[in-house]
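Asker: The following block contains the structure, expressed as structure tokens.
The values are calculated or read from the model by the stated rules, or taken from the named source; none is laboratory data. Note that the structure is a prediction, hence the values are computed from the model and not measured. We place every Cβ from the backbone using ideal geometry, glycine too, and count neighbours over all the protein chains shown.
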Amino acid sequence: NAGVTQTPKFQVLKTGQSMTLQCAQDMNHEYMSWYRQDPGMGLRLIHYSVGAGITDQGEVPNGYNVSRSTTEDFPLRLLSAAPSQTSVYFCASSRTGGGNTEAFFGQGTRLTVV
Amino acid sequence: TQLLEQSPQFLSIQEGENLTVYCNSSSVFSSLQWYRQEPGEGPVLLVTVVTGGEVKKLKRLTFQFGDARKDSSLHITAAQPGDTGLYLCAGVLSRNQFYFGTGTSLTVIP
């Protein structure tokens, strides 16, 4: 029962470097999303997808790109890392984007940009 | 400012005490959810409330959805150390944007 798998679990980047955070789910969920979690701010939505080939911006999309070529995978790309992107990143999936459906989360990626 | 504001932000209580966490917004939600997150893990769903005024009980946890569907509360009776964690409310407004609250960090001291 893998659920939602995120890799890596920890990452340190230098300012200006790029990287991709991986997210995969094996529940055949249509809806996937990326959040960042900072102290005192809960989870803030970065990007989301309602199905393969469809993505949209959330609350804090600047500096991040996403794509959804398959139902299973939803990678998050940091184009040019900045210290302000130091955070814990969570990927989630749910059957739909509706508020009645349960969101399943990965274990998170702790990213530090120096 | 965030769409869903929670209070208090931090709560430290003795085992056996009762507590209430609040989730407030100026927007109307079709439903609200409560999640609990433990250190190093992602949030896990506790409950979904759908109808204004609805009350749901999960053992010692009681969840209420406000009549106007703009706010919710979580009440824990006789808190135990196992209740320690970060509690998050969440809701969907439009266009599939799923918003989370600012979170309440609860510590229950044995």
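For (1) within 14 Å of chain B (Cβ to nearest Cβ); (2) surrounded by fewer than 18 Cβ atoms within 10 Å (Cβ to Cβ); (3) closer than 16 Å to residue A:109 by Cα, each residue gets a yes or a no:
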| site | (1), (2), (3) |
| --- | --- |
| A:2 | yes, yes, no |
| A:11 | no, yes, yes |
| A:23 | yes, no, yes |
| A:43 | yes, no, yes |
| A:57 | yes, yes, no |
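Asker: Looking at the range A:10-37, which of its residues are small (Gly, Ala, Ser) and within 28 Å of residue A:97 (Cα to Cα)? Show your work before the answer.
Answerer: From the range A:10-37, those small (Gly, Ala, Ser) are A:16, A:18, A:24, A:33; that's our starting set.
Hits for the range A:10-37 are A:24, A:33.
Asker: Oh, and also: Scan the range B:44-63 and tell me whether some residue there is aromatic (Phe, Trp, Tyr), closer than 29 Å to residue A:88 by Cβ and free of Cβ contacts under 8 Å to residues at least 60 places away in the same chain.
Answerer: Of the range B:44-63, the ones aromatic (Phe, Trp, Tyr) are B:63.
Filter once more, keeping what is closer than 29 Å to residue A:88 by Cβ: B:63.
From what is left, the residues that are free of Cβ contacts under 8 Å to residues at least 60 places away in the same chain are B:63.
Yes, the range B:44-63 contains a residue that is aromatic (Phe, Trp, Tyr), closer than 29 Å to residue A:88 by Cβ and free of Cβ contacts under 8 Å to residues at least 60 places away in the same chain.
Asker: Within the range B:20-50, which residues are of a type in the set (A, V, I, L, M) and within 7 Å of chain A (Cβ to nearest Cβ)?
Answerer: Of all residues in the range B:20-50, those of a type in the set (A, V, I, L, M) come to B:21, B:28, B:32, B:44-47, B:49-50.
Once the filter is applied, which keeps residues that are of a type in the set (A, V, I, L, M) and within 7 Å of chain A (Cβ to nearest Cβ), the range B:20-50 yields B:45, B:50.
Asker: Still on this structure, please answer the following. Mind listing whichever residues of the range A:70-86 are among the polar types (S, T, N, Q) and in contact with a Ser or Thr (Cβ under 9 Å, 6 or more places away or on another chain)? Break it down into steps so the answer makes sense when it comes.
Answerer: Going residue by residue through the range A:70-86, those that are among the polar types (S, T, N, Q) are A:70-71, A:80, A:84-86.
Once the filter is applied, which keeps residues that are among the polar types (S, T, N, Q) and in contact with a Ser or Thr (Cβ under 9 Å, 6 or more places away or on another chain), the range A:70-86 yields A:80, A:86.
Asker: Tell me yes or no: at least one residue of the range A:64-71 is under 22 Å from residue B:2 (Cβ atoms), touching a residue at least 40 places away in the same chain (Cβ under 8 Å), out of contact with any Leu (no Cβ under 9 Å at 6 or more places or on another chain) and buried (at least 16 other Cβ atoms within 10 Å of the Cβ).
Answerer: Within the range A:64-71, not a single residue is under 22 Å from residue B:2 (Cβ atoms), touching a residue at least 40 places away in the same chain (Cβ under 8 Å), out of contact with any Leu (no Cβ under 9 Å at 6 or more places or on another chain) and buried (at least 16 other Cβ atoms within 10 Å of the Cβ).
Asker: Here's something else I'd like to know. Out of the range B:35-55, which residues are over 12 Å from the mean Cα position of the chain (by Cα), of a type in the set (S, T, N, Q) and modelled with pLDDT of 95 or more? Spell out how you get there, then give the answer.
Answerer: Narrowing the range B:35-55 to residues over 12 Å from the mean Cα position of the chain (by Cα): B:38-42, B:50-55.
With of a type in the set (S, T, N, Q) added as a condition, the list becomes B:51.
Correct list: empty.
Asker: Something else about it: Within the range B:32-56, how many residues are loosely packed, with under 13 Cβ neighbours inside 10 Å, acidic (Asp, Glu) and out of contact with any strand residue (DSSP E or B) (no Cβ under 6 Å at 6 or more places or on another chain)?
Answerer: Residues in the range B:32-56 being loosely packed, with under 13 Cβ neighbours inside 10 Å, acidic (Asp, Glu) and out of contact with any strand residue (DSSP E or B) (no Cβ under 6 Å at 6 or more places or on another chain): 0 in total.
Asker: Please specify each residue of the range B:61-75 satisfying the condition of being closer than 14 Å to residue B:8 by Cβ, surrounded by fewer than 22 Cβ atoms within 10 Å (Cβ to Cβ) and not polar (S, T, N, Q).
Answerer: Kept after step one, since they are closer than 14 Å to residue B:8 by Cβ, are these residues of the range B:61-75: B:73-75.
Next, from what is left, pick out any that are surrounded by fewer than 22 Cβ atoms within 10 Å (Cβ to Cβ): B:73, B:75.
Listed by number, the list holds a single entry, B:75.
Asker: I'd like the full set of residues that are touching a helix residue (DSSP H, G or I) at 6+ places or on another chain (Cβ under 7 Å) and either exposed (fewer than 15 other Cβ atoms within 10 Å of the Cβ) or within 14 Å of chain B (Cβ to nearest Cβ) (or both), limited to the range A:72-86. Step through it out loud before you land on a result.
Answerer: First pass over the range A:72-86, keeping only residues touching a helix residue (DSSP H, G or I) at 6+ places or on another chain (Cβ under 7 Å): A:78.
Selection gives nothing.
Asker: Could you please let me know if residue A:110 is at pLDDT 95 or above, within 11 Å of chain B (Cβ to nearest Cβ), in a strand (DSSP E or B) and within 24 Å of residue B:103 (Cβ to Cβ)?
Answerer: On the way: at pLDDT 95 or above: yes; within 11 Å of chain B (Cβ to nearest Cβ): yes; in a strand (DSSP E or B): yes; within 24 Å of residue B:103 (Cβ to Cβ): yes.
In short, yes.
Asker: Separate question: Somewhere in the range A:63-79, is a residue at pLDDT 95 or above and out of contact with any strand residue (DSSP E or B) (no Cβ under 8 Å at 6 or more places or on another chain)? Outline the logic, then answer.
Answerer: First pass over the range A:63-79, keeping only residues at pLDDT 95 or above: A:63-78.
Remaining after also requiring out of contact with any strand residue (DSSP E or B) (no Cβ under 8 Å at 6 or more places or on another chain): A:69-70.
Yes, that holds for at least one residue.
Asker: Only one residue in B:68, B:90 is within 10 Å of the chain's Cα centre (by Cα) and at pLDDT below 95. Which one?
Answerer: Residue meeting the stated conditions: B:90.
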